[in-house]
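Some notes on the structure that comes next.
Laboratory data are not the source of any read-out in this text; all were calculated from the coordinates shown. This is a predicted model, so every value here is computed, not measured. A quick note on method: Cβ atoms are made from the backbone with ideal geometry, for glycine too, and the neighbour counts reach across all protein chains shown.
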Amino acid sequence: MATSTPPALPPLRPAGGAPPARKRRANESVSTWRWTDRIGYVLMWGAGLLVCAIGLSIVVYMMFRGLQYLRPSLIFSHPQAGLDQSKTGGFLDPLLGTILLTVLGITIAVPIAIGAATWIVEYGRPTWLARLVDSGIEIIAGTPDIVIALFGLVLFQQGIFGWMSFTAQGGAVFGRSFLTAGCMMSLIAMPMVFAATREGLQAIPGHVREASYALGKTKAATIRRVLLPSVKANISTGAALGMGRIAGDTAIVVVLLGATLTLDPEGGVPGLKVLKGTGGTLTSFVYNNSPAGEGNAPQKAYAAAFVLLLIVVALNFAVDLIARSGAKTGLETSRLGAK
Amino acid sequence: MLERLREPWTDRRAERVLGALACLVLLIIIFMIVFVALRAWPSFRENGLSWFSAKGNADVQMSRMVNSGANPTNADYQFGAWPLIFGTLLTTVFATVLGLVFSLLSAIFIVEFAPEGIRRLIVPVVRLLAAVPSVIYGLIGILVLTPFVGNHLISSGRKKSVEFVIQLSGTSLLVAVVILTIMITPIMIAITVDGLYAIPRAWKEGAVALGVNRWRAMWTVTVRAARPAIMAGAVLATARALGEAIMIAMVSGAKAFSPNPADGLTFIFEPMNTLAANIVQNSESINAPAMQATLYATALLLLVGGFALSLGSWIAKQPLKKYGTRA
Amino acid sequence: MIERDEQQAGMRHASDPRGEILPPPVRRIRVDGPPTVALPPQAEAVIDGDGLSATTMPGAGTMPARPQRGVAGRERMSLKTLSVFYGDNEAVKGVSLSIREGEVLALIGPSGCGKTTLLRTLNRLTELTPSARRAGVIRIDGTDVDDIEVTALRRRVSMVFQQPNPFPMSIFDNVAYALREQGAKRPSKKVLEPYVIEALGRAGLLDEVKDKLDHPALRLSGGQQQRLCIARALAAGPEVLLMDEPCSALDPKSTAVIEDLIVELRSSLAVVIVTHNLQQAYRVGDHVAFMYLGDLVEYGPTEQVFSAPKAERTRDYVRGSFG
């Protein structure tokens, strides 16, 4: 019936030492390939190395120039209008402008994006509407930022939005302010938060929802208490990406924020007056101080560009950190993957 | 009412609220098209189809619009956008084609052939390049590349040859295309790499087991199966190239000049301008009604162009779905 | 022996804490009846009239006689003390085998014994894994495998995988793939057509797809896809066909079709098949090699390995004591 003893183990082979080194063999040598393949292979290596070279040189050059021209006094002093821009003032106002605009933009974008993503994944009826909304967000993602800026201008120059910016005596609405620019910036960031949230929600397996329903919770409560907290990492990733995009955008700033040197508050309500007023950001500062703008102070442009680059890189680094800590709980976001 | 917000939401209410947020998106798009078209109408009304043609020097036309002030006559609306359209087409097509080749090769490199050390370097580099704002690319362009091209690449003989038509100073089509390519390649690389990784390895292994070398196997099986993803990346990159305003505004020379292919190689050294860059450069004078209508007409054209791109890519993807490639 | 009486049904159980009335039992449980135990089958060797022996397999009763054994021809590939290392782990330990044309060699053994690694080493597919190292000699027709260009080797030694993996192309393109990509110039469709038809015929798929050659290959059923992969492997005219558990993902009917196919193919090729299905090895294999934890434990003709194995471990595995 049953075997009595387990089978005997083979005699222990003497430890052969380290595995043998790879001996020379007729490997897949490129010289045997067709000539088209060989050209492709060489071009491929060239492309890969060129990408590395260009990327590294851009980073190194910006760091070099930035460190060369950046002084702490620049960060903490206000820009001053003056004939010789290279000697006067810093970029505190544009820096504040960048921060303010980014916070404003992402604050408006996140609820709309989460709402839309949740509706599409969890409800999504009727189906034609869901597909339409999906395409809609893709269209917004693909629209050039200059077109969004012009749209913002025409939208916020209508009378009903007069409260958002400076309104002249005759009723003409200026249309340019932090509030209006912030609203349009939210359109820039929204597709990223939407995509990240939707990916996260779709990745949650069905049994999690079923378990919640089985305990008697409504769908709304499930979404609020179970699903959305578990995609926090995805939402944060999308938000960080969106903030990076807002911080780097120039066209909307130039058109919808006035791109002035300093923050020019409007009206008398403290707090709100800054939002209703115009200003500039680091991006418009760089643009204005480059030979393409009026300032012609390339040193300050480099310094401001360096700070801007630091902010954007920090945001993208945050994306990595969030993704890695989120991966520990089993949620993965793939941006070139951790492969 | 605050009490109603505090009590547990019913599913119906939640669905309606969330649905409303989703539909807000659709409303935004509809409003965008309508409002932009409304403001663009005067320009099309005055020019008709000749809006798209070359009607003389576009720069002259635009300065006339600025000078016309608050009450422009019909003549002030005259505008021929062809130099700008031509510039946009040139930069977009060149940058997309170059970028496609470049990014496809790099993506194959990253996925299959790169040694581990290089792969660990190239992936963060690509991600970094994708995140750099366009104004920084423009800064490098105008402070580094443009002087280099103007002083070292363009010989004085060349400058003399087109002296009577246009000044060659380094701000040129070449710089615009080069930087635009560098800008759009990282996005395409990222999407292509994701697409290549999504193809089952079993297919490539089967091809290699049949005695086909790794490059060929990669190209004829994996890349072929990933064509929808590659196309999606290309469309995204083209859309970005089409709408790129700031960087081109900084490096291209701000002259609405159509580079002349008949000039031979000098063609790439000639300045040009694109539709999007033109909007940015003239945005301070947007209050003048004639200028406003023209700029909004340009924006409408860009919007429609973007739609056409998405539609075209959707059409192009359909036949690919037949053989089971992941579309 | 407690026998629960039906009359007690419906009455409250004294120790029932809930004090509820229990429902009556659904059936009577007779716990004092005689036990019925299934007796183990007796291993018998039954000699057939033809002189072929039919062996009983554990739990299967008497098996039908095996089909005619393949006639072994000349030696195609030979392995001498082949060892394969993944990093420091020795997956195959000093195996020596001979692969002959005209017969099927079945590699059997429990999971992790190294049979798939051995198979993949035969066409140098293990080189795709960065940590793999090889020691020992593999010869094909007398030439060391390392001296042949690897893509040329893989055209002479073709492989069929466990999961059917037809390319996302048409059926014609799938079979013609190897032929198209080999040469310096791409042959035209007309030139390729007879080769494709012949390969599909040899794989037994021609009748089913004769008029659908342009259809996508992924729309075929699992068994058809696997036969398509076999056709694809045959199209390049290989000398040795390696099969890595080709039927494990298929239903019994497709399995039978493919097994018949293998028996037909062996007359023109050398076939090496890895299988964890002992019955399949018995049906299809002419020689059987049993591997355990990287060692080649036993190698011999099928009847001998299954009916009178020399090693005790072989006997235990073949009887189903472990695996």
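Among B:146, B:73, B:222, which one shows the biggest mean-square fluctuation in a GNM of chain B, springs joining Cα atoms closer than 10 Å?
Result: B:73 has the largest fluctuation of those listed.
Search the structure for amide H atoms under 5 Å from the amide H of residue C:96, placed 1.01 Å from N in the peptide plane, and list their residues when 5 or more places away or on another chain.
Amide H to amide H, under 5 Å and 5 or more residues apart or across chains, residue C:96 pairs with C:81, C:82.
At R0 = 51 Å, how high is the FRET efficiency between residue B:11 and residue C:211 if r is their beta carbon distance? Nearest 0.05 is fine.
That pair, residue B:11 with residue C:211, gives E of 0.40.
Count, for each residue of A:154-163, the Cβ atoms from other chains sitting within 10 Å of its Cβ, then give me the mean as a whole number.
The per-residue average across the peptide is 2.
Taking 2.2 N^0.38 Å as the expected size of a compact globular protein, what ratio does the Cα radius of gyration of the protein assembly as shown give against it, to two decimals?
So the protein assembly as shown has a normalised radius of gyration of 1.21.
Can you tell me the order of C:121-132, B:201-212, B:42-53 when each peptide is scored by its average per-residue count of other Cβ atoms within 10 angstrom, highest first?
Answer by packing, highest mean first, reads B:201-212, C:121-132, B:42-53.
Hey, got the average number of other protein chain Cβ atoms within 10 angstrom for residues in C:148-161? If you can, show how the numbers build up before the last one.
Values: counts 2, 9, 10, 11, 3, 2, 6, 4, 1, 2, 3, 6, 2, 4.
What the average comes to for C:148-161 is 5.
For segment A:70-328, give the magnitude of the charge dipole about the Cα centre (Cβ charges: +1 Lys/Arg, -1 Asp/Glu; no others), in debye to the nearest 20.
Here segment A:70-328 has a charge dipole of around 820 debye.
List the residues, sorted by chain then number, that are 5 or more residues from residue C:134 or on another chain and whose placed amide H is less than 5 Å from its amide H.
Under 5 Å from the amide H of residue C:134: C:85.
Using the structure shown, select from B:204/C:93; C:190/C:210; B:204/C:212; B:321/C:212; C:185/C:210 the pairs with a Cα to Cα distance greater than 21 angstrom.
B:204/C:93; B:204/C:212; C:185/C:210
Would you grab the residues whose amide H sits under 5 Å from the one on residue B:272? Only those 5+ places off in sequence or on another chain, please, with H modelled 1.01 Å from N.
Counting only residues 5 or more places away or on other chains, the set is B:173, B:254, B:255.
State, as an integer percentage, the relative contact order of segment A:187-247 based on alpha-carbon contacts under 8 Å between residues 6 or more apart.
64
Take the alpha carbon atoms of segment B:56-107, find their center, do the same for segment C:290-311, and report the distance between the two centers in whole angstrom.
The two parts, judged by their Cα centres, are 79 Å apart.
Charges only on Cβ, +1 for Lys and Arg, -1 for Asp and Glu: so what's the dipole of segment C:75-319 about the Cα centre, in debye to the nearest 20?
Working: 31 positive and 32 negative charges, 78 e Å.
So the dipole magnitude of segment C:75-319 works out to roughly 380 debye.
Residue by residue through segment B:22-30, what is 3J(HN,Hα) from phi via Karplus (6.51 cos²θ - 1.76 cosθ + 1.60, θ = phi - 60°)? Round to whole Hz and write x for glycine and proline.
With coefficients 6.51, -1.76 and 1.60, one gets 5, 6, 3, 4, 5, 4, 4, 5, 4 Hz.
Give me the distance between the Cα centres of segment B:185-218 and segment C:119-136, rounded to whole Å.
Each part's Cα centre sits 21 Å from the other's.
Of the DSSP beta bridges with both residues in the protein assembly as shown, give the percent that are antiparallel, rounding to the nearest 5. Before the final figure, lay out the partial values.
Numbers: 32 of 50 bridges.
About 65 percent, rounded to the nearest 5.
What list of ³J(HN,Hα) couplings, whole Hz, do you get for segment C:77-89 from phi and the Karplus terms 6.51, -1.76, 1.60, once you set θ to phi - 60° and write x for glycine and proline?
With the stated coefficients, segment C:77-89 comes to 10, 9, 10, 10, 6, 7, 10, 10, 10, 9, x, 9, 8 Hz.
Can you tell me what percent of all Cα-Cα pairs in segment C:75-319 are more than 31 Å apart?
Of the Cα pairs, 23 percent sit more than 31 Å apart.
In the protein assembly as shown, with Lys and Arg counted as +1 and Asp and Glu as -1 at Cβ, which of these residues, A:246, B:202, B:238, has the Cα nearest the positive end of the dipole, that is, farthest along it?
A:246
Specify the residue with the greatest mean-square fluctuation among B:21, B:301, B:311, computed from a Gaussian network of chain B linking alpha-carbon atoms under 10 Å apart.
Highest fluctuation among the options: B:21.
Starting with the highest mean, order B:147-157, A:206-216, A:131-141 by the number of other Cβ atoms within 10 Å, averaged over the residues of each peptide.
Top of the packing list down: A:131-141, B:147-157, A:206-216.
Between B:13, B:227, B:214, where does the largest GNM mean-square fluctuation fall for chain B, given springs only between Cα atoms within less than 10 Å?
Highest fluctuation of the listed residues: B:13.
Excluding residue A:137 itself, what net charge comes from residues whose Cβ is under 12 Å from its Cβ, given Lys and Arg +1 and Asp and Glu -1?
Surrounding charge for residue A:137 is 0.
Just counting partner chain Cβ atoms within 10 Å, what average do the residues of peptide B:293-302 show around their Cβ?
Mean shielding by partner chains, rounded to a whole number: 3.
Report ³J(HN,Hα) in whole Hz for each residue of segment B:210-223, in order, from the Karplus equation J = 6.51 cos²θ - 1.76 cosθ + 1.60 where θ = phi - 60°; Gly and Pro get x.
8, x, 9, 6, 4, 5, 4, 4, 4, 5, 7, 10, 5, 4
Starting from the Cα of residue B:55, draw a straight line to each of the aspartates and glutamates and keep only those under 15 Å, dropping any in the same chain fewer than 8 residues away.
B:46, B:76
Classify chain B: rounded, prolate or oblate, from the alpha-carbon gyration tensor (a ≥ b ≥ c, eigenvalue square roots; a/c under 1.5 rounded; otherwise prolate if a/b is larger than b/c)? Kindly include the intermediate steps, with their values, before the conclusion.
Numbers: a/c = 2.15, a/b = 1.18, b/c = 1.82.
Here chain B falls in the oblate category.
Express the Stokes-Einstein translational diffusion coefficient of segment B:129-252 in µm² s⁻¹, to the nearest whole number, given a Kirkwood radius over alpha-carbon pairs, 25 °C and a viscosity of 0.890 mPa s.
Translational diffusion coefficient: 143 µm²/s.
What dipole magnitude, in Debye to the nearest 20, does chain B give about its Cα centre under +1 on Lys/Arg Cβ and -1 on Asp/Glu Cβ?
It works out to roughly 980 debye.
Just how far, in whole angstrom, is segment C:245-269 from segment B:232-258 if you go by their alpha carbon centroids?
So the separation of the two Cα centres works out to 59 Å.
Across segment A:70-328, how many lysine pairs, 8 or more apart or on two chains, come within less than 25 Å at their alpha-carbon atoms? Intermediate values should be presented prior to the final figure.
Values: A:87/A:300; A:217/A:232; A:219/A:232; A:232/A:328.
Eligible lysine pairs with Cα atoms under 25 Å apart amount to 4.
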